[in-house]
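This structure is in structure tokens; I'll ask about it shortly.
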Amino acid sequence: MRTLIILLCFTACLVSCNNSNKEKDDLSAENDSLEYKNDLGTSAQDQPINVEEETPKENEKTEVDRSENSNPVTAISGTYLNTEHQEDTSCKCYCLEVATSGSTELCLKENEMYINARFQQDGNNINIFYTGKSTRTTAENIPWDRFQTGTPIAILSPEPNGDLKLDWKGFRIDGEIAIDYALLGKKTLEGTYKKK
């Protein structure tokens, strides 16, 4: 009985080894047929592929043309609502109006503090600069005229899903962060915005 089992195992090993050799031979035969030699002695992989390319009609633009000519700031212009404050559908304080030119009003504290700001492209991000206090601002005890206008107060970053993420940096006076006023805007403006 023992010899019968040994013979069966030996036969099974022999058959499986034989099959794997056949598979290797089949694969090498396929590879040989794929690589043929031309008159110069190079393989088909070295030859350029001749494909007729479709040329766009005069009034059509290719995807490359669209991406080269489109301005990212223009592409994301519009009204965005802070995702943490979905209840503010009338945009009293938790919205962001991304504008490509001129200035826009930002709310720091509802019914009390508003500022004017401008947007400027910086690579994939958009810097937000303070340009002055808004006429709607009632808070007079803040040194609005001392805040710098040449340093970003916030940075907008596009997210893969089309949302925008605002990172509040704060106001600066004489090159330093205005610590007493650093939180102005952080509570209302910082966060993720979804296009309305």
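The values are calculated or read from the model by the stated rules, or taken from the named source; none is laboratory data. On a predicted model such as this, the values are computed, not experimentally measured, just so you know. Reconstructed Cβ throughout: ideal geometry from the backbone, glycine too, with neighbour counts over all protein chains shown. Accessible surface areas use protein heavy atoms only, side chains included; no ligands, DNA or RNA. Shrake-Rupley method; radii C 1.70, N 1.55, O 1.52, S 1.80 Å.
For the stretch 133-166, which residues satisfy the criterion of being farther than 24 Å from Thr83 by Cα and among the acidic types (Asp, Glu)?
We begin by selecting, within the stretch 133-166, every residue farther than 24 Å from Thr83 by Cα; these are 133-151.
Of everything in the stretch 133-166, those that are farther than 24 Å from Thr83 by Cα and among the acidic types (Asp, Glu) turn out to be Glu140, Asp145.
Tell me, yes or no, whether the stretch 55-78 has at least one residue that is open to solvent by less than 60 Å² (accessible area, probe 1.4 Å) and at pLDDT 80 or above. Show your work before the answer.
First, the residues of the stretch 55-78 that are open to solvent by less than 60 Å² (accessible area, probe 1.4 Å): 62, 65, 73, 76-78.
Imposing the further condition that a residue be at pLDDT 80 or above reduces the set to 77-78.
Yes, because at least one residue in the stretch 55-78 is open to solvent by less than 60 Å² (accessible area, probe 1.4 Å) and at pLDDT 80 or above.
Any residue at all in the stretch 172-183 that's closer than 25 Å to Asp88 by Cα and in contact with a strand residue (DSSP E or B) (Cβ under 7 Å, 6 or more places away or on another chain)?
Within the stretch 172-183, not a single residue is closer than 25 Å to Asp88 by Cα and in contact with a strand residue (DSSP E or B) (Cβ under 7 Å, 6 or more places away or on another chain).
Same structure, new question: Take the residues of the stretch 133-191 that are of a type in the set (A, V, I, L, M, F, W, C) and loosely packed, with under 14 Cβ neighbours inside 10 Å: which is nearest to Ser77 (Cα to Cα)?
Leu183
Under 7 Å by Cβ, and 6 or more places apart or on different chains, what pairs join a residue from the stretch 156-184 that is over 17 Å from Asp122 (Cβ atoms) with one that is assigned to a strand (DSSP E or B) and of a type in the set (Phe, Trp, Tyr)?
Asp163/Tyr193; Phe171/Tyr130
Could you list all residues from the stretch 107-126 that are polar (S, T, N, Q) and either farther than 22 Å from Ala75 by Cα or open to solvent by less than 20 Å² (accessible area, probe 1.4 Å) (or both)? Give the derivation first.
Going residue by residue through the stretch 107-126, those that are polar (S, T, N, Q) are 111, 116, 120-121, 124-125.
Of everything in the stretch 107-126, just one residue is polar (S, T, N, Q) and either farther than 22 Å from Ala75 by Cα or open to solvent by less than 20 Å² (accessible area, probe 1.4 Å) (or both), namely Asn111.
Quick check on Thr83: is it surrounded by 15 or more Cβ atoms within 10 Å (Cβ to Cβ) and among the polar types (S, T, N, Q)? Even if it seems obvious, please write down each step before you answer.
On the way: surrounded by 15 or more Cβ atoms within 10 Å (Cβ to Cβ): no; among the polar types (S, T, N, Q): yes.
Taking the combined requirement at face value, the residue does not satisfy it.
Right, here's the next one. If you take the residues of the stretch 94-106 that are in contact (Cβ under 8 Å) with a residue 40 or more places away in the chain and open to solvent by 10 Å² or more (accessible area, probe 1.4 Å), which of them is farthest from Leu156 (Cα to Cα)?
Of the residues in the stretch 94-106, the ones in contact (Cβ under 8 Å) with a residue 40 or more places away in the chain are 94-96, 98, 106.
Now narrow it down to the ones that are open to solvent by 10 Å² or more (accessible area, probe 1.4 Å): 94-95.
Numbers: Tyr94: 15, Cys95: 13 Å.
Checking each candidate, the answer is Tyr94.
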